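Step one of this worksheet: look at the structure below.
Only the coordinates and a few stated rules stand behind these numbers; no lab work does. The shown structure was predicted, so the numbers you read here are calculated from the model rather than taken from an experiment. Glycine gets a Cβ as well: all are built from the backbone with ideal geometry, and neighbour counts include every protein chain shown.
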Amino acid sequence: MKGLNRRRFLQTGAAGAGLALTGAPGLLRAAEPKVLNVTAYGGVWETSIRDCFVAPFEARTGAKATVSLGAPAQWLAQVEASPEKPPLDVLIMSPDLAITAAQAGLMQDLTVDKVPNLAHIPQEFTDACLGKGTYLDYGVAGITYNKNTVPNPPKSLAEFVERVSAGEFVASVPSISYAITPIMLIWMLAKALGGSAEDVEPFFAAMKKMKNNLVFWAGPNDFFNHLASGEADIGIYFDGRTWNHHDEGADWIDFINPTEGGALTAVAVQIPKNANPLAFDYMNEMLDAENQARFAEIMNYAVTNTEVVYSDKLKPRITPWQQTAFPPYEAIGKARNGWVDRWNREIGR
């Protein structure tokens with residue numbers, strides 16, 4: 001088995017063997033252990049995972065699923081430490097680590113015969129995990145703003161850069177300490193301004209132009225505080241979190257998917273090799289349209305099953321993935337260390 005490149009693994013993390021299923025998901029063989037260990041982030045994520053996926057899995061199979069909280073780098077390290085008998089059966093992963101795990105030979109192939117609901121997931125989402133996983137949901141990094149202070153917001157990232165540079169408003173953007181900044185800010189702005197993962201010069205030029213009118217957020221709540229306090233008027237943020245704030249009473253906040261397409265930031269799901277075969281049943285519940293619709297309603301993010309019917313409240317908030325900018329995660333993973341070094345030299349925040 002090809003081992004993980006540990007240096008790359010640590011840097012990008014800074015985001016019943018031999019038994020086969022027979023028949024459709026939900027039909028268990030007597031010899032299969034009936035306890036599955038799945039993963040979730042904490043907070044509302046854990047509640048949503050339990051209600052939307054664990055509960056229907058347990059009802060359908062008669063098995064039990066325990067939920068381990070943590071983060072993708074931690075979970076992947078656990079699997080790497082015990083690949084013949086992984087302590088976790090289904091992993092929630094960041095897209096870059098999903099690629100790392102797939103390339104290391106640690107994850108199983110996903111096929112429609114093993115996971116029937118995979119037929120309703122766009123092939124692009126499975127291909128992005130090299131066929132060894134797929135995407136569960138996704139958010140869009142775009143332009144969030146205070147409607148009271150920015151009545152005529154920029155519609156594109158290029159316009160955003162020009163108007164911030166001119167001092168029309170102060171913008172809040174993620175700092176380099178936030179794990180997804182290389183994707184949602186460096187690559188996204190570079191691409192929008194004519195660059196690419198191989199050429200981020202347009203991003204650094206834009207940051208130099210905007211520097212006198214920028215504040216930086218290290219965590220998502222910092223961004224909201226910047227807008228609520230008036231320290232900033234606008235910034236780069238996520239659609240789902242914007243709508244969460246809106247639904248909690250901040251009806252002055254709004255979101256725009258820029259015309260160039262905001263960066264798609266997805267959550268991947270994978271099954272380690274040698275995991276409990278029931279993992280495929282659980283994965284099928286995660287990709288079920290009805291279950292995903294409930295999950296979307298709670299999380300305010302788009303889900304990946306094309307048969308999902310969104311509620312009247314949620315439907316206008318959802319950006320079709322075809323209207324986003326799909327990050328080249330593998331290329332970003334190779335370049336991000338150089339980007340971070342340059343950020344620290346030139347921006348320093």
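Among beta bridges identified by DSSP and lying wholly in the chain, the antiparallel ones come to about 60 percent.
Taking amide hydrogens as placed 1.01 Å from N in the peptide plane, the amide H of Asp254 sits under 5 Å from those of Tyr145, Lys147, each at least 5 positions away in sequence or on another chain. 3J(HN,Hα) along the range 261-271: x, x, 5, 6, 10, 9, 10, 9, 10, 9, 10 Hz, from the Karplus curve 6.51 cos²θ - 1.76 cosθ + 1.60 with θ = phi - 60°, whole Hz, x for Gly and Pro.
Electrostatic tally near Glu346: other residues with Cβ closer than 12 Å to its Cβ, Lys and Arg +1, Asp and Glu -1, net +3. Taking Cα centre as origin and charging only the Cβ of basic (Lys, Arg, +1) and acidic (Asp, Glu, -1) residues, the dipole magnitude of the range 47-122 rounds to 220 debye.
Considering helices alone, the calculated mean residue ellipticity of the chain at 222 nm is -10000 deg cm²/dmol, with DSSP H runs of length four and up weighted by -39500 (n - 2.57) and normalised per residue. Which entry in (i) 76, 45, 35; (ii) 68, 44, 29; (iii) 69, 44, 40 is this structure's computed Cα extents along the principal axes in Å? It is the one labelled (ii). Listed by chain and number, the lysines whose C-alpha is less than 28 Å from the C-alpha of Lys34, apart from same-chain residues fewer than 8 away, are Lys64, Lys85, Lys114, Lys132, Lys273. Only Lys, Arg, Asp and Glu carry charge here, each on its Cβ (+1 for the first two, -1 for the last two); on that basis the chain has a dipole of about 860 debye about its Cα centre. The Cα center of the range 201-260 and the Cα center of the range 286-310 differ in position by 26 Å.
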